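For reference, the structure discussed in these notes is given below.
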Amino acid sequence: MKKLVLIIYALLQVASFSQVVDSPEITREEIYQHIKYLASDELEGRFTGTEQCRIAAEYIVKEFEKAGLQPAFNRSYIQEFPFISDIKLGDTFCELINEEKISLKVNNDFTPLPFSDNLTVEGKLIFAGFGISSKENNYDDYENIDVKDKIVIVFRNHPDINTPHSPFEQFAGLRYKATVARDKGAAGIIFVNTSEKKDDDQLFKLVYDGAAKVKGISVIQIKRNILQKLLSKFKIDSEELEKQITENKKPNSFDLNTTAKIKTEVIEVESISWNVGGLLKGNDEKLSDEYLAIGAHFDHLGWGKQNSLYQGEPAIHNGADDNASGTTGVLELAEKFASEKNNLKRSIFFFAFSGEELGLLGSNYLVNHFPVPTEKVVSMINMDMIGRLKDSSLIVYGTGTSSNWKNILNDKNSFGFKLTFNDEGFGPSDHSSFYGKKIPVLFFFTGTHSDYHKPSDDYDKINSDGQEKILKYIHSAATEIINSENKPDYLAVERKDSGRMTASRVWVGTIPDFAGDVDGYKLGGVTEGSPAALAGLKAGDIITKFGDKKISNIYDFTYAIGNYKPGDKVKVLIKRADQELEVELELKAR
């Protein structure tokens with residue numbers, strides 16, 4: 001009898017689950033089941049480009065098919081996109097030649113840095129202190145030395161390391177120092193740990209950091225004992241040399257009477273990941289060729305090797321709130337709108353992106369390879385972390401990107417939400433890619449929490465009742481957009497920290513395209529009224545030179561603008577499609 005009861009109970013559970021999955025309504029039960037699967041250990045955190053990410057994509061495809069959505073991409077629900085997933089060591093060597101030739105062993109005596117260009121260089125070795133050139137701090141390691149076509153050896157950090165918030169901190173970055181050395185004419189730069197690391201003189205791990213290479217310079221790190229060998233013939237102790245520079249804040253750069261030959265080859269590994277897209281066609285003769293896009297990213301951090309805030313051993317980061325919750329929102333809204341398809345005037349695209357955690361890669365690719373002209377997309381609704389509703393507090397970004405938004409959001413708030421509005425259209429989620437195409441956006445978010453980017457972001461902490469209310473609210477607002485005779489207007493919202501990565505006095509107003517694998521700084525957009533906009537820059541442009549500085553990536557650009565003040569006029573070289581153009585920017589204050 002007991003066994004019979006258990007069998008009946010199991011059958012009832014299966015029947016109950018089937019009813020949950022097949023219901024066209026937005027329900028807490030469906031929300032729970034979708035998130036429980038997407039955030040399960042089976043999917044291992046859905047890291048972009050992995051087999052588990054692909055399995056998650058196939059799950060979304062099946063849900064779209066079940067709801068009756070049409071494929072969004074030329075008869076396919078899947079859109080593949082390429083990305084750099086890793087780097088590996090290629091043919092690399094380093095030889096030092098004075099009275100004798102010293103061949104260094106890679107990963108033992110030296111290592112190339114992840115952002116090194118692939119070059120073979122040879123030149124005299126110059127010790128250049130900390131590799132800093134700063135007029136405002138009256139300090140220049142490159143003063144009175146010629147490093148053109150030579151290789152500089154520099155300490156890491158800066159000479160004022162014991163002063164909190166030192167003005168030297170902004171010059172301490174390795175990429176920054178490599179860029180300075182390159183711009184001074186150096187063929188290569190060699191980094192050495194400072195004496196504080198003398199008992200733990202570790203070499204860098206060759207790990208891809210998601211950013212482009214510094215073009216035109218070979219970059220390596222050597223062990224401290226190698227530097228000491230080079231200094232011994234001068235009867236100089238490396239620790240005393242460092243101490244002299246830091247105590248006096250005076251450079252002490254000199255020729256090491258040694259030649260170096262270096263070859264660096266850091267190979268970028270290209271992989272494929274996936275976006276998922278489905279389409280519901282509208283029925284209005286005039287409006288069905290206009291589209292609302294509803295989306296969310298479905299990737300997360302996998303085992304937490306990148307961007308994790310967890311301090312323990314590698315563990316699965318299931319990403320229930322971030323962003324199985326938003327993905328579930330797309331599935332639930334697709335199912336709900338599909339049941340109402342005969343009442344829809346405009347058409348709806350439903351998208352699930354991967355690559356968000358690596359820099360909006362999937363959505364950036366999508367908006368540049370869109371199924372229809374993006375001018376036909378009237379607005380985009382993004383959901384990222386909507387599973388932790390607390391005290392009815394709901395945050396909505398993008399509320400200034402159309403004059404309609406606040407009225408609609410307030411009017412449809414029959415759910416008692418305490419709404420917080422943020423006008424900006426650019427931000428750290430996938431709506432930013434759409435706003436760069438001048439599409440009005442809304443981004444729904446329940447806020448950060450202590451489990452953010454940690455293995456503890458699990459399905460059992462999701463507020464399914466709260467998410468059900470949020471999705472019904474979004475459905476109500478989206479219905480207004482879909483069936484309104486007038487499409488939302490687009491408003492430009494000024495954002496004065498756009499593209500900023502370090503403190504700077506000037507404002508340019510560029511929005512980076514992090515998915516752009518190019519030699520230069522590719523723009524995802526520009527802020528209306530900014531110096532960039534006034535000079536005619538636009539999404540897709542690639543900045544290759546700023547003033548007299550070569551620009552290979554966003555870091556070069558950030559370092560370059562730090563040399564100017566508000567009111568300065570700067571010549572900027574850009575690539576636009578097959579053209580090379582020069583424009584002049586007049587910089588403004590932040």
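The values are calculated or read from the model by the stated rules, or taken from the named source; none is laboratory data. These figures come from a predicted structure and were not determined experimentally. Because the Cβ atoms are built from the backbone with ideal geometry, glycine has one as well, and the counts that use them run over all protein chains shown. We work out accessible area using only protein heavy atoms, side chains counted, and drop any ligands, DNA or RNA first. Shrake-Rupley method; radii C 1.70, N 1.55, O 1.52, S 1.80 Å.
Label THR163 and SER232 with points 7 Å out from Cα along Cα→Cβ: what is the distance between them in nm?
Using points 7 Å along Cα→Cβ, the separation is 3.6 nm.
Compute the label zone of ASP284 within the stretch 472-487: residues whose backbone N is under 18 Å from the point 7 Å along Cα-to-Cβ.
475-487
Compute the length gained on full extension between SER456 and PHE415: take 0.36 nm times their separation in residues and subtract their Cα-Cα distance, giving the result in nm to one decimal.
Difference between extended and current length: 11.9 nm.
Calculate the spin-label point distance for GLU584 paired with ASP568, positioning each point 7 Å from the Cα along the beta-carbon direction, and give it in nanometres.
Inter-label distance under the simple model: 1.6 nm.
Could you tell me which trypsin sites (Lys or Arg not before Pro) in the stretch 52-103 are loop residues by DSSP with no more than 14 other beta carbons within 10 angstrom of their beta carbon?
Values: sites: ARG54, LYS62, LYS66, ARG75, LYS88, LYS101; in loops: ARG75.
Sparse-neighbourhood loop trypsin sites (Lys or Arg not before Pro): ARG75.
To the nearest 10 square angstrom, what accessible area does LEU389 show with a 1.4 Å probe?
20
DSSP loop GluC sites (Glu not before Pro) in the stretch 118-212 with at most 14 other Cβ atoms within 10 Å of their Cβ, which ones?
Those that pass, being in a loop and sparsely packed, are GLU136, GLU143.
At 1.4 Å probe size, with no ligands or nucleic acids counted, give the accessible surface of TYR291 in Å², nearest ten.
10
Can you give the Kirkwood hydrodynamic radius of the stretch 270-406 from its Cα pairs, in Å with one decimal?
16.6
If you take the beta carbon distance between GLU494 and GLU29 as r and set R0 to 56 Å, what does 1/(1 + (r/R0)^6) give as a FRET efficiency, to the nearest 0.05?
0.80
Specify the inter-centroid distance of the stretch 320-354 and the stretch 42-76, based on alpha-carbon positions, in whole Å.
13
At R0 = 25 Å, how high is the FRET efficiency between ASP201 and ASP91 if r is their beta carbon distance? Nearest 0.05 is fine.
Computed FRET efficiency for ASP201 and ASP91: 0.50.
Taking Cα atoms, how many degrees apart are the long axis of helix 326-338 and the longest axis of the chain, rounded to 10 and kept between 0 and 90?
30
Mind checking the per residue accessible area of the chain for me, 1.4 Å probe, whole number of Å²?
44
Of the heavy-atom accessible surface of the chain (probe 1.4 angstrom), what whole percent is carbon and sulfur?
Numbers: 12000 of 25960 Å².
Taking all protein chains in place, the chain shows 46 percent carbon and sulfur surface.
What is the distance, in nm, between label points placed 7 Å from the Cα along the Cα-to-Cβ direction at VAL372 and at GLU100?
7.4
Using just the helices of the chain, give the 222 nm mean residue ellipticity in deg cm²/dmol: DSSP H runs with n ≥ 4 each add -39,500 (n - 2.57), and the total is spread over all residues, rounded to 500.
-7500 deg cm²/dmol
What is the gain in length, in nm to one decimal, between ASP548 and SER134 on full extension, counting 0.36 nm per residue of separation less the C-alpha to C-alpha distance?
Here the segment from ASP548 to SER134 would lengthen by 147.4 nm.
Could you pull out the trypsin sites (Lys or Arg not before Pro) across the stretch 453-497 that fall in loop regions by DSSP (anything but H, G, I, E, B) with no more than 14 other Cβ atoms inside 10 Å?
Here the sparse-neighbourhood loop sites are LYS496.
How long is the gain from ASP423 to SER484 if the chain were fully straight, where each residue apart is worth 0.36 nm and the alpha carbon distance is subtracted?
Going from the current span to full extension adds 19.8 nm.
PRE reach from ASN144 (point 7 Å along Cα→Cβ): which of the stretch 167-187 fall under 12 Å by backbone N?
none
How large is Rg over Rh for the chain, taking Rg from the Cα atoms and Rh as the Kirkwood inverse mean of 1/r across Cα pairs?
Value, to two decimals: 1.04.
For HIS449 and GLU239, FRET efficiency with R0 = 51 Å and r from the beta-carbon atoms, rounded to 0.05? Let's see the in-between values first.
On the way: r = 46 Å, r/R0 = 0.89.
Taking R0 as 51 Å, the efficiency between GLU239 and HIS449 is 0.65.
For a quick check: with amide H placed at 1.01 Å from N, whose amide H comes under 5 Å from SER134's, ignoring anything fewer than 5 positions away on the same chain?
TYR139, ASP140, ASP141
Over the chain, what is the relative contact order in whole percent, taking alpha-carbon pairs under 8 Å and six or more residues apart?
16
Could you tell me how far the Cα centroid of the stretch 267-309 sits from the Cα centroid of the stretch 396-449, in Å?
18
Please give the helix 51-67 orientation as an angle from the longest Cα principal axis of the chain, in degrees from 0 to 90, rounded to the nearest 10.
Roughly 30 degrees, rounded to the nearest 10.
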